[in-house]
Each structure stands twice: as C-alpha cells, then as structure tokens.
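Derivation of every value follows stated rules applied to the coordinates shown; laboratory data play no part. The structure presented is a predicted model; accordingly, all values stated were derived computationally and were not measured. Methodologically, a virtual Cβ is constructed for each residue, glycine included, from the backbone with ideal geometry; neighbour enumeration extends over all protein chains shown.
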Amino acid sequence: MFTIPLISECGKFVSETTIGKDTFFGGKEIGNHKSMKSYLLFFCFLSILQHSYGQNYCDTPPAGTSKGGFKVNNLDLDPVRVCAGTKITVQNTTALNVQYNYNYTGGDPKPADFTATADFTYLRQGSYRILQLGSNGSGSVACKSVEVYYPPNFTVKACSGGKVQVTIPADSSTQRYDEFIINWGGNVTSKLPKAATMVASFSYPANTNAATISVVGSVAGQSLGCSKPSTSVILSTTNLSAVAIRKVAARTDGLVDVLVKGSQGATAEVQVNDGSGTFKNTGQLMTTNDTTTITVRDVNANKNTYCFRLSANDGCDNAAVISNEVCSTNLDAVAQNRQNALSWKEYPKAAGFQSYRLTRNSVSLGGISTITTTTTIDRNVTCNEQYCYQMTVLLANGVESVSPLRCVKAISNETPSVVQNAFVSVLETEQKIELRATPPASGTTPAKFKTIFLRAENGSSDFKEVGVKDNTLTFQDDTADPAAQSYCYKIQYENSCGNRSEPTEPICSIRLYSNTNTTVDWTAESPFLMHVGVYWLEVYNEQGDPVQEEPLGGNTSFDPSLYNPDQQLFHYRIKAYPSNKSLISFSNFYVFTRDAIVFIPDAFSPNGDNMNDKFAPKGQFMDKSRLIIYNRWGQVLFETANAIEGWDGTVNGQPAVEGTYVYRLEITDSLGKYFVKTGTMLLAR
C-alpha cells in the first residue's frame, strides 16, 4: 500500500517511493517500475487537480496544465460521430502517460473511471465526452465529444402500380439525424430530410418483381453509414381499379347490403350519398380480394334513395381510386280490384343503365328497357292469393341494384258468372249420380275456388246444399239412389275472394222405370242446361252385353214388345244428348220383365172331329205347367205334369159326362216365376 502527500512536487515523491513488485493501480496490475512511475505520476497529478479544483475539466482545464490533444479514428472532428457498436480507436498526439475516461460527465473524475486502453466501443446511442489526462512535464488535459447513433428505423410497404413506400418513424433514433439516404437498389438513391412525417416512395419498372431497400442517416451532410439490414420486398400486384360494387340490395328493414369485390392489398371503404350530393365515409372496410357483403347501417332505404361507391387505397401515398357508383332501388306493390299495381322511383344514374327486371314469386315478369318507366300493372292475379314482387335494376358489367321483396294479397269484387256446360248423369259401374260443369266465363280463380252443389227431390223446388268441393267442378252424390227417383240439382261457383255466382238452372237425373207392365218409361226433366235433343235406348241381353241401340227422338216411353215379342226379360238404359250433342247423360239401368201369357179355353168338345178335342192352355214364356181337373164334388179326375198336353175328356178310359168341371193350372215361367190359375170349363160333346 502507498499514500500520496498533498504537495506539488509529485516528481520527488515518486522518486522516493518504493513500490513492490506486484502493485495495483486503479484495479490494474502494474508490472514494471517504469510503468509504475508513469501511473504514480498520473495519480499524483490527478490527486493534486482534485484537491485544488474539483471542476469540469473539459469546460475549464485546471491552472498549470497544458492542453493536450488526440484523434478518434484518426479524425480531428469534434464531435466525432459513430454508429453504436462501432469500435473507436484513440490516437494520442501530445501527452505522455495518458489515461482515458470514455464517459466523462463533469466534476472530479475517479481513478477507477480511467483506462489506458485506446480502443472502446459504445453500444448505446447518445452524446459522450472522452477525457484524456496525461503528463507533459506538467499536467495535460484534452477532451473530445462523441455522438453515437443507432441505425434509423424504417418500414417498407409494397404499393399498387409497382410502387414501394418507405416510412421512417419520428422516434428517438431517427430524430438525431438531419437527413436519410434511401437506397432503392440498383444504385438508385433518394434523400429524405428529417420531418414530423417521413415517407418516400419509388416506382419500379413494370418487369420488376422484387426489390431490396436500405436506409442510412446523415448529420451535417455526413453519411454515418449506420444501417439496419436491408429489407427485401415482393412488389404488389394490387389493382385498385379492380375494387368494385357488384350488387346493392335494399332490405325490408331499410338497411342495405353491398356486395363488394376487393383486391388483395387494397383497403376499400364504403361511401354513401344520401342525395345531398356529398359522399361520406361509413367506416366500413374490406381488405381481401374476395366478394364480401357489407351491411350499411344508419340508413333507411324504405324512405330514401342512397348511392354507394368505394374509396380504395393501398395504404401508401397513392391517390385513392373511386369505384363504380350503384344506387339503391325500392318498389311499391298495391292490391287493386283484380290487379296489382307496381311502382318505383326512376333510377338516378342513367349512365350504365340497361333495364328494369321484375319478378313475381321468383318468376320473371319480363324487362323494361326505358329508364323513365316507373309503373306497371299485373292483371294475371287470383284474388286472395299472395304475390311477392322484386325489382332488379340491371347495370353495365353485370352490376345489379335489387329492391326489397314486396308482398301483397290480391283482391277482387267481381262476381263470377254462372258455371257453363253443367249436366248430370248416372255412372255406369257405380250407379251413382255425378255432376260436371266447366268454369264460368268470368270471375274465376283457377288456382283456388269452391263449387257448391244443391239438390231437390221428387219435383220439389226446395234446393238444399248437399256438397262443397274445393278446386273441382265434379261431384258424386253418394246419398242419392238414381233408380228410386229423379234428382234435380243446381251448381254455384265461389272464387277465392269469396264472391259466389248465381246458381244454375235445375239439371235433373234421368230415371228409367216402368210406368205400366208393358212399357219402359223415363223422366222428362233435362239433365242439361238446355233441352234434350234426342234420346237413345240402349238394349242389353240377359248377360248384360249391349245388343242394340234404338233412336227414340223426344219420346219418354218405349214398348219392348215392339222390339222382340219373344223375349220376356230386357236390360235397358237411356242416354240423352242436348241439341248440339256436346254432352251425354245416362240414366240408371232398368230390367224390364214381361209376364207369361196364358190362354185357357172355357169349353171343349172331345167328339173326335179333331177340333177342340182337348182342354189345354196355350201361352208364351211357360216353362213348366201342371194341370188338375176336378168334378163338382172336388174329386180329382185328371192330372198331368205337362199342361200343354191337355185333357182329352176321359176318366179311366171312359168318356166323361158332359157338364161343368173345375181346373187348376200351376205355371212356372221362363224367369222362374210361379203362379196358379183356377177356373171352370164346359165339356160338351
């Protein structure tokens, strides 16, 4: 250990001081006596200065010292400017036994703040001062300022049109520079002065795909070369002009959906004009190249027309590109008597207009190519049916403006006319009465209607409802028996609006029956809304096969014996035509049977003259017969199982006496009907 006296003769002290082999100074080992003397001299000098002055050495060097000198990186500049992380080298030019304080901030330095090392690296930006102390016979003091800079921060953005934009932030690092030099690549540079906003751009040739960019700062016209690594960027293919509105669709709630086609790298903002002539930003953005629907709120397209456009930019200093302009459209639909009235406002932009297109229930009603046409009438409507309409304005390049869907229910006060071609007939197989008609000439609603069927019986004029059918003009009356009686009907038509026609005139079923035991007859009331023109009689055999048709004109009765006197059973049906033969009506089937015909003589004369020699019945349709002869006392005199053979007037082979006798004739006809005839007859010889 050693002490230093506070005397001005440091040299004497040093010469008289004994220093051990291993002596330390300022934390550093001093290895030989010569070096040791230099450090002791510096230390002694520093102690005297501290004791005597205690001031900023660089502002006012202590009295009795000489001005030293040194260079930094072989530069005499003051201040010296270097990049953070750059090693500096100090070159002493005047002093001996020098020591350096590389971050002198004023006041009395401490020995520990000094080093004899001439190399130093500043890692943080800032302003520094190097203090050099040495001996030069007397003390030597020298100072030099050092400005240390970080590389300037910068960002690179690829813009549309082959442009690249460099932005330098106004931060603590960049604010220390006066100017920036941007290297765009290919030895192309530009300068950018320090400012609150520092943006520069460069447009590359069309065939350039990528660029490598670097930025350095300069101070007082001196480029320091401080730079962050170069930034490589792929040039943008963003096409701002590709940003467009594809469709504007007004909604029933008054909001508007805007279908937007974007472009990658572009930001498109929806702008709206409410009719004031000024477009305002909505704050609604899209940033992809997809087709996206943006809902614009704070509007009411039910009351006002709005026009929309896009302001597209790429985030650079390029001017914004304005897209096509598309306006909203509205539609009113009002139900009127037997029609729906449609109206809309004229589309406000004639440029690009192609046509209006209307749809009803999603089916096209056609187009209107005149922009000033703003109304149309839909007369093809059915009352009480709902119809939903939509208007689409077709614009150039497939762009559309679509109205909200407007729905109305059709109305009508038109009373339908009477149904046409109504008639009644009996079904062949079911033998049920069926009614048919065709729609009225006016007031119809084909998609939805009702048919009301009224019936009266036995010639009554009291018609009561027996059936209601939806959407059909055919009715089968299952409660009627066409063979029992004729039924008269009326038909009414009710359209979907609830308006009902007048009933038809009565139409009556044809009932075929037998009024006498020798004729078949049928009712004369017409089954049509006009008179019967002609009747035809259909004849069927006993097996039900048709064998003959007979025209009967206007007759309503027929004698079967005129057709086939040898046939006991007949199947008949009447068919009727109106005068124009446009329709046909059938009656019920009817089976007509004739009774067996029997002739019984009241006398016979069995005298062998071959004339009236036997008592025998004669007739038609007699299949089986049995004859019994009684005397007046009821005794059986004769009996045979075949009455046609007759009785020859004998009893046990002997001629019976003349007189009156009683007979019993039992007959089964060809239809199996059994009946008995009794009486008396006279035997005369």
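Data table
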quantity: Angle in degrees between helix 33-52 and the longest Cα principal axis of the chain, rounded to the nearest 10; calculated: 80
quantity: Selected from VAL72, THR640, ILE168, residue furthest toward positive end of dipole (the chain; charges at beta carbon); calculated: VAL72
quantity: Square roots of 5 times each gyration tensor eigenvalue, C-alpha, region 420-508, largest first, Å; calculated: 23, 14, 10
quantity: Other-chain or far-sequence residues with amide H under 5 Å of SER526's (modelled H); calculated: CYS508
quantity: Mean Cβ neighbour count within 10 Å, used as a protection proxy, ranking 135-145, 284-294 highest first; calculated: 135-145, 284-294
quantity: Estimated inter-spin distance, ASN580 and ARG626, nm [label 7 Å along Cα→Cβ]; calculated: 6.5
quantity: Residue-wise HN-Hα coupling along region 167-175, computed from phi with Karplus coefficients 6.51, -1.76, 1.60 (Hz; x: Gly, Pro); calculated: 10, 10, x, 8, 10, 5, 7, 6, 5
quantity: Residue (of TYR577, PHE558, ASN515) at the positive-pole extreme of region 512-593, dipole from beta-carbon charges; calculated: TYR577
quantity: Alpha carbon convex hull of region 240-327, projected area averaged over orientations, nm²; calculated: 5.2
quantity: Sorted peptide list for 64-73, 515-524, 262-271, criterion being average Cβ within 10 angstrom, highest first; calculated: 262-271, 64-73, 515-524
quantity: Percentage, to the nearest whole number, of Cα pairs in region 498-595 over 20 Å apart; calculated: 39
quantity: Under 14 Å, Cβ to Cβ, from THR445 - net charge with Lys/Arg +1 and Asp/Glu -1; calculated: +2
quantity: Cα-centred dipole magnitude for region 420-508, charges only on beta-carbon of K, R (+1) and D, E (-1), debye, nearest 20; calculated: 340
quantity: By average C-beta atoms within 10 angstrom, highest first, the peptides 585-596, 170-181; calculated: 585-596, 170-181
quantity: Three-way shape label, region 218-279, alpha-carbon gyration tensor, a/c 1.5; calculated: prolate
quantity: Region 153-224: C-alpha gyration tensor shape, a/c 1.5 cut-off, then a/b vs b/c; calculated: prolate
quantity: Net length gained if the chain between SER364 and THR89 were fully extended (0.36 nm per residue, minus Cα distance); calculated: 90.2 nm
quantity: FRET efficiency, 1/(1 + (r/R0)^6) with R0 22 Å, evaluated for ASN73 and SER230 via beta carbons; calculated: 0.30
quantity: Mean ellipticity per residue at 222 nm, deg cm²/dmol - from DSSP H runs of n ≥ 4 across the chain, formula -39500 (n - 2.57); calculated: -1500 deg cm²/dmol
quantity: The chain: C-alpha gyration tensor shape, a/c 1.5 cut-off, then a/b vs b/c; calculated: prolate
quantity: Table column - 3J(HN,Hα) (Hz), region 574-588, Karplus curve with 6.51, -1.76, 1.60, x for Gly and Pro; calculated: 9, 10, 10, 10, x, 4, 8, 6, 7, 10, 8, 10, 10, 8, 6
quantity: Cut-off under 5 Å, modelled amide H: who pairs with SER140 long-range; calculated: SER66, GLY134, SER135
quantity: Compactness of region 597-683, expressed as Rg and Dmax over alpha-carbon positions, Å; calculated: 12.7, 38
quantity: Lys/Arg +1, Asp/Glu -1 at C-beta; region 240-327 dipole; positive extreme among THR305, ASN289, GLY265; calculated: THR305
quantity: Interchain or long-range residues, amide H under 5 Å from LEU235's placed H; calculated: ALA210, ALA211
quantity: Paramagnetic reach from ASN153 (point 7 Å along Cα→Cβ, amide N under 18 Å) across region 205-226; calculated: 214-218, 226
quantity: Within-10-Å neighbourhood charge of THR329 [Cβ basis; K, R +1; D, E -1]; calculated: -1
quantity: Eligible lysines near LYS614 by straight Cα distance, threshold 24 Å, same-chain separation 8 or greater; calculated: LYS624, LYS677
quantity: Whole-Hz couplings from phi, Karplus 6.51/-1.76/1.60, listed for region 459-476; x for Gly and Pro; calculated: x, 6, 9, 8, 8, 10, 5, 10, x, 10, 10, 8, 6, 8, 10, 10, 8, 10
quantity: Cα-centred dipole magnitude for region 512-593, charges only on beta-carbon of K, R (+1) and D, E (-1), debye, nearest 20; calculated: 300
